[in-house]
Amino acid sequence: MSQMKLPQAGLVLWMCVMNRVLDTAAALLITQCVIMQYTSITCSWKTADHHLNISSYTLQINKASCETKHSFISVGVCNTRGSNCSVHPIDSAFHCFCVDLLASTPNGSIHSQPYFFKGVNAVKLSPPEIKDLKPAERRPGCLQVDWRMAEIFPKNEKVYILLQMEYTTHNQTRSQTIQAFSKETLELCDLHPGSKYTVRLRAQDSRAHAHWSLWTSIDTTTAEKAPSAAPRLWRLIQPAEEAGKRRLTLLWKPVSWPEVNGVVLSYSASCRSDLGSSQWTCGTVNASRHSCILTVSDDLCHCSLTATNSAGTSPPAHISIPAHTQAEEPPPPRIISVTPLDDTQIKVEWRAAPNQSESGFVVQWTSVPYIEPTSLHWEHMNETARSFILTGLLPEIPYNLSVVSLHGRQAGSDMSVIAFTREGAPSVGPDVTVLKTSSSGVLLKWDPVPLEKLHGFIHSYTVIYSIHGKEKSVKVEAHVELIHLSELTEGTYNICVMAHTAVGTAAGPCQMVVVGLEDVQVIPILLCALLLCFLILIIPVCLRMRIKQCLCPTVPDPSKSSLSIWSNTKLYQHNLPSTSTMSSILPVDWTTIYQDYVEKDYVPVQVFTSHAPHDSNEPEAKTYDSTSAITFLDPKLSPAQAFHTHLLNQSYTKPDHVIPAGYKEDPQPSSDHLLFDSLFSCKSNEADLCGYIHVSQTYTPVIKTIDTYRTLDLNECPHFLQVLPKDTSTTMVHCSINNESCDTGVSQSHSLQPNKT
């Protein structure tokens, strides 16, 4: 019995060992082997069980018989800790190979299943080289590619080599595969002008269809041509500050690829009036700008726009600007729905107006509030379009969306709506204003919150009013902005208004309102009280100077009067007049006046005289207008008593008209102005040589003689002129022509009085 059990136990042990070997062999699998550029063999593998704790791998490559698949010559061995390993060099790829992989673990070694392959089926070629890439000489719009292979192939092997060529522009890729050695110069045609292309080449041995070489790439740009399409043009019309003018903003989008045929360097935009020869132009606009502002007339205008590159100019784009007085415009399309897709996208759908043949549509949108013309976004759509998706939007921002129909060059009216991608709570509440209060009610009004601060659509308003800690509220619809609260008790109420959107609410500032005093407004009373207080404070300040003058009048200072100067006059030696001064003392017959300018305005000079005997042909009186000197005759004086008296008024204030010498106040007369210079000159044989001249600044003196006087002889007159009395007494001299003597009255005390006649 024991002898029967012993062979059975050995069989079980052998089966367990074989299962273990098969399991470990399945855990290690060689995936592929590639002969790289006829120089080396690289094999890759993978491990199914990562718990084997493999420390290293050993790769053994042997040449094998293609029929029996038995190994007979070793090619090489490599060790690694990774998942691939290369053995090189090899002498040829025209063999069959057998590969073994050994993995080392703490529990022993693990062998993989042998991997058998043919060398020519595993060859991976080197990438081809591009020697030159240039435009074809005889075929415009084509590129010529010169290339070569890195390896040298026998003639019988070249038939297996394939070449794949690929060229890409603007995410558009075209490729073709040809026999590599059929021609070493290739041509790429049907290319877009002025476009950047990426040309790539790779090679393959047709017998190793799973292995292509790496790509060789090069970039180039085709020759430019003039743009074949016009830019897309749009407009924005706004009123201008000048009457009869409009502010026109032209907006455009660049010519799209491939019609642009190169790089646009500049744009040219202009408008002209249909009713006149007026023309407005933006000149040459840099390619980085896409707008232009013109001030045009209210008449019908046509605008055009062209784009220019290095090869030429595009066809013009046209748009018509209707006249300001144009009454009828094509009807707008009907907007069916605006649907938010997410926080950045909105889908707008519309339906064309009935009985209208549109040539296209323009969808335009801008955020609210509108900032500037460049913030307007727009897109041209063809005549069959009925929907458009707006992208790049922001949540809780209102957008003004509109759709405009196009009828040739003319644009119709638009239909606009406000839309949000996602609504939010208002940032502020409405400001409430108290219009009127009564004994039991109050009339309130509030202004709507600006749209950009709402962050959503208003659903309703709530008016909250409270008194003594008791709060009440009234809810009204979104269109209501005026409410009357009635049946209120007397007292002071705190009133505010809240705005509601679908997401949240916001309350505005509260107002304190007093209810119970009918027709009495608290604020006007406070303003009147403040105004009254202001007047009470400001009136005394304004009247301070006048009150001071009334209570404390100005008392004249006697020391500054003219009499004080007269009384303090001292005796001085009177100098005889010089030659220049003597010109002021003239006989009446000479009709000459005294003029002393001294850089001051001269004034009228008045001459009073009675005539001595004269020639009968001469007039009895003479008047001088240029110097305002006037000669008067005094009929009361007899010829025997006549003497010449020249009174010169030397005030430097130029009067409006001639005033006889009289009284006039001086601001502060000086002693020099109040002295009287007397000059007497008498000659026995000449009748008009004795004169008496008074020169005064402002006073016409009236001289009263107190003492008696005596008659001076003619020889005493010159000596008398040289000396004045010490107390400024005035000497009266009477020169009689008939008696040939001078009468003088010397007064020791005289009374000088101003005469205001």
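The values are calculated or read from the model by the stated rules, or taken from the named source; none is laboratory data. Remember, predicted model here, so these are calculated numbers, not experimental data. Glycine also receives a Cβ, built like all others from the backbone with ideal geometry; neighbour counts cover every protein chain displayed. With ligands, DNA and RNA removed, areas are computed over all heavy atoms of the protein, side chains included. Shrake-Rupley method; radii C 1.70, N 1.55, O 1.52, S 1.80 Å.
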Please enumerate the residues belonging to the stretch 164-183 that are surrounded by 13 or more Cβ atoms within 10 Å (Cβ to Cβ) and within 60 Å of the chain's Cα centre (by Cα). 164, 165, 166, 167, 168, 169, 174
Among the residues in the stretch 62-70, are any at pLDDT 90 or above and either on the phi > 0 side of the Ramachandran plot or exposed (fewer than 15 other Cβ atoms within 10 Å of the Cβ) (or both)? no
Any residue in the stretch 377-403 that is among the polar types (S, T, N, Q) sitting within a Cβ distance under 8 Å of a residue that is open to solvent by 50 Å² or more (accessible area, probe 1.4 Å) and not in a loop (DSSP other than H, G, I, E, B)? List the pairs, counting only those 6 or more apart or interchain. 387/347; 387/349; 400/416; 400/418; 402/414; 402/415; 402/416
Report, by residue number, each residue of the stretch 439-495 that is of a type in the set (A, V, I, L, M, F, W, C) and within 30 Å of residue 367 (Cα to Cα). 446, 449, 451, 454, 457, 458, 476, 478, 480, 482
Unmet criterion (only one of (1) within 22 Å of residue 208 (Cβ to Cβ); (2) at pLDDT below 90) for residue 86: (2)
Quick check on my filter: what residues within the stretch 117-152 are surrounded by 15 or more Cβ atoms within 10 Å (Cβ to Cβ), outside any loop (DSSP other than H, G, I, E, B) and not β-branched (Val, Ile, Thr)? 117, 118, 119, 121, 122, 124, 133, 135, 143, 144, 147
Would you confirm, using the coordinates I've provided, whether residue 411 is open to solvent by less than 50 Å² (accessible area, probe 1.4 Å), touching a residue at least 24 places away in the same chain (Cβ under 8 Å), in a loop (DSSP other than H, G, I, E, B) and at negative phi? no
Just to confirm my filter: which strands (runs of 3 or more DSSP E) fall fully inside the stretch 268-352 and include at least 3 residues that are touching a residue at least 12 places away in the same chain (Cβ under 8 Å) and β-branched (Val, Ile, Thr)? 279-286, 291-297, 334-340
Taking the stated definitions as given, is residue 366 open to solvent by less than 60 Å² (accessible area, probe 1.4 Å) and free of Cβ contacts under 8 Å to residues at least 40 places away in the same chain? yes
Do the conditions hold for residue 230, that is, is it hydrophobic (A, V, I, L, M, F, W, C) and closer than 30 Å to residue 360 by Cβ? yes
Would you check if residue 499 is touching a Pro at 6+ places or on another chain (Cβ under 6 Å), touching a residue at least 40 places away in the same chain (Cβ under 8 Å) and either closer than 23 Å to residue 369 by Cα or of a type in the set (S, T, N, Q) (or both)? yes
Residue under question is residue 46, and the condition is that it be part of a strand (DSSP E or B), closer than 30 Å to residue 149 by Cβ and either open to solvent by 40 Å² or more (accessible area, probe 1.4 Å) or charged (D, E, K, R) (or both); does it hold? no
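Every residue, every condition in (1) surrounded by fewer than 17 Cβ atoms within 10 Å (Cβ to Cβ); (2) modelled with pLDDT of 90 or more; (3) among the basic types (Lys, Arg); (4) out of contact with any helix residue (DSSP H, G or I) (no Cβ under 7 Å at 6 or more places or on another chain), yes or no:
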{"residue": "268", "(1), (2), (3), (4)": "no, yes, no, yes"}
{"residue": "271", "(1), (2), (3), (4)": "no, yes, no, yes"}
{"residue": "310", "(1), (2), (3), (4)": "yes, yes, no, yes"}
{"residue": "316", "(1), (2), (3), (4)": "yes, yes, no, yes"}
{"residue": "319", "(1), (2), (3), (4)": "no, yes, no, yes"}
{"residue": "325", "(1), (2), (3), (4)": "yes, no, no, yes"}
{"residue": "335", "(1), (2), (3), (4)": "no, no, no, yes"}
{"residue": "348", "(1), (2), (3), (4)": "no, yes, no, yes"}
Determine the pairs where a residue that is in the same structural domain as residue 62 (by the TED database), located within the stretch 101-113, has a partner that is open to solvent by 100 Å² or more (accessible area, probe 1.4 Å) and of a type in the set (S, T, N, Q) with Cβ atoms under 7 Å apart, the partner being 6 or more residues away or on another chain. 105/53; 106/53
Out of (1) free of Cβ contacts under 8 Å to residues at least 24 places away in the same chain; (2) within 29 Å of residue 117 (Cα to Cα), the one residue 176 does not meet is (2)
Checked 242, 224 against criteria (touching a residue at least 40 places away in the same chain (Cβ under 8 Å), out of contact with any helix residue (DSSP H, G or I) (no Cβ under 7 Å at 6 or more places or on another chain) and surrounded by fewer than 16 Cβ atoms within 10 Å (Cβ to Cβ)); the one match is 242
